[in-house]
Amino acid sequence: MPSKTFYLDDARTEPLTASWGFLFRNFTVSYAGNALEPTNPEATIAQGRQYRLPDGRIFSAQHKQNSYPQEMELLIEGQPVPGSGTHPQERIKQAWYALLFIGVMSIGFGLWAELGQVAVLLQNSIGWGSFGEGIIFVALGWLGYYRRSALALTIALVILVVESLLSIGSSLAMAQSAALGGVVIRLFFCLTVYRGMKAARLLRAEDITLTNSST
């Protein structure tokens, strides 16, 4: 079964390992090598399970089926487990990877279209404009991840949303139905960047609070 180990402390002395089967079935948890039993064994992982650590802290796991994309929420005392998918830092990293992917693809196709004079791509407005846009996406993603810039991720999100609406509008104007796969992918990227934007704001607010409390 797939498994992943998370560390609950910065010194990495508190390993917590989660294992699961297909669709997160047979979900199990161990802490420092010792298996933990859920305090609510009758609950499914979709409903949420709770586990008590030896020191009394509560670890909870829930498969969020109603969110898109579906994700596993792991919490320790009500806060996201470091390294888990819903932790703010991971949200920003996911947004960075999404923008990096979009940027590299735009740069690659832009260069291919212009240097190779690929008619099909040029006719679909893929060229130097796509190349420049790709650089912008990479730069905004870098600022969002390494500088925790919510503004950079907000700008990237606006560009993605506008491009998606224009693409769908163009398809409708030409009496063509927008490809469902393309719409789903665009929605996925927009949601990923949106979550990263919210996470960046949260982390920046926490940084300000820590700075104020230390002065």
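The values are calculated or read from the model by the stated rules, or taken from the named source; none is laboratory data. Just so you know, these numbers come straight off a predicted model, no measurement behind them. Please note: Cβ atoms are built from the backbone with ideal geometry, for glycine as well, and neighbour counts cover all protein chains shown.
Residues of the stretch 1-20 being more than 22 Å from the chain's Cα centre (by Cα) and touching a residue at least 12 places away in the same chain (Cβ under 8 Å), which ones? Let's see the steps before the verdict.
Step one: of the stretch 1-20, the residues more than 22 Å from the chain's Cα centre (by Cα) are 1, 9-15.
Within the stretch 1-20, Met1, Glu14, Pro15 qualify.
For the stretch 65-80, state whether one or more residues are closer than 30 Å to Asp10 by Cα, surrounded by 20 or more Cβ atoms within 10 Å (Cβ to Cβ), in the same structural domain as Pro41 (by TED's automatic domain parsing) and touching a residue at least 12 places away in the same chain (Cβ under 8 Å).
yes
Enumerate the pairs (first residue in the stretch 163-175 and within 20 Å of Phe137 (Cβ to Cβ) and assigned to a loop (DSSP other than H, G, I, E, B); second residue anywhere and modelled with pLDDT of 65 or more and among the hydrophobic types (A, V, I, L, M, F, W, C)) with beta-carbon separation below 6 Å, excluding pairs fewer than 6 apart on the same chain, so at least 6 apart or on different chains.
Final answer for the pair search is none.
Conditions: (1) assigned by TED's automatic domain parsing to the domain that holds Cys190; (2) touching a His at 6+ places or on another chain (Cβ under 9 Å); (3) aliphatic (A, V, I, L, M). Ala119 meets all but one. Number of the miss?
(2)
Quick check on this structure: which one of Arg195, Arg147 is under 13 Å from Ile92 (Cβ atoms), assigned by TED's automatic domain parsing to the domain that holds Ala98 and modelled with pLDDT under 95?
Sole residue among the options that is under 13 Å from Ile92 (Cβ atoms), assigned by TED's automatic domain parsing to the domain that holds Ala98 and modelled with pLDDT under 95: Arg147.
Go through the stretch 23-48 residue by residue and tally those that are outside any loop (DSSP other than H, G, I, E, B) and over 16 Å from Thr86 (Cβ atoms).
Matching residues across the stretch 23-48 total 9.
Out of Ile92, Ile159, report the one residue that is assigned to a helix (DSSP H, G or I), of a type in the set (Val, Ile, Thr), surrounded by 19 or more Cβ atoms within 10 Å (Cβ to Cβ) and on the phi < 0 side of the Ramachandran plot. Give the steps one after another, and end with the answer.
Working: Ile159 fails: surrounded by 19 or more Cβ atoms within 10 Å (Cβ to Cβ).
Unique residue meeting the criteria: Ile92.
Could you tell me which residue of the stretch 49-66 is farthest from Gly78 (Cα to Cα), considering only residues that are touching a strand residue (DSSP E or B) at 6+ places or on another chain (Cβ under 9 Å) and assigned to a loop (DSSP other than H, G, I, E, B)?
Initially, the stretch 49-66 is screened for residues touching a strand residue (DSSP E or B) at 6+ places or on another chain (Cβ under 9 Å), giving 49-54, 57-64.
Now narrow it down to the ones that are assigned to a loop (DSSP other than H, G, I, E, B): 53-54, 57.
On the way: Leu53: 14, Pro54: 17, Arg57: 10 Å.
Among them, the one singled out is Pro54.
Hey, any hits in the stretch 175-183 for a residue that's at pLDDT below 85 and closer than 15 Å to Ile102 by Cα?
Taking the stretch 175-183 first, the residues at pLDDT below 85 are 175-183.
Going one step further and asking which of them are closer than 15 Å to Ile102 by Cα, we end up with 182-183.
Within the stretch 175-183, one or more residues are at pLDDT below 85 and closer than 15 Å to Ile102 by Cα.
Would you pick out the residues in the stretch 104-130 that are in a loop (DSSP other than H, G, I, E, B) and free of Cβ contacts under 8 Å to residues at least 12 places away in the same chain? Quick ask: steps written out before the conclusion?
Pass one, the stretch 104-130, residues in a loop (DSSP other than H, G, I, E, B): 117-118, 124-127.
Correct list: Gln117, Val118, Asn124, Ser125.
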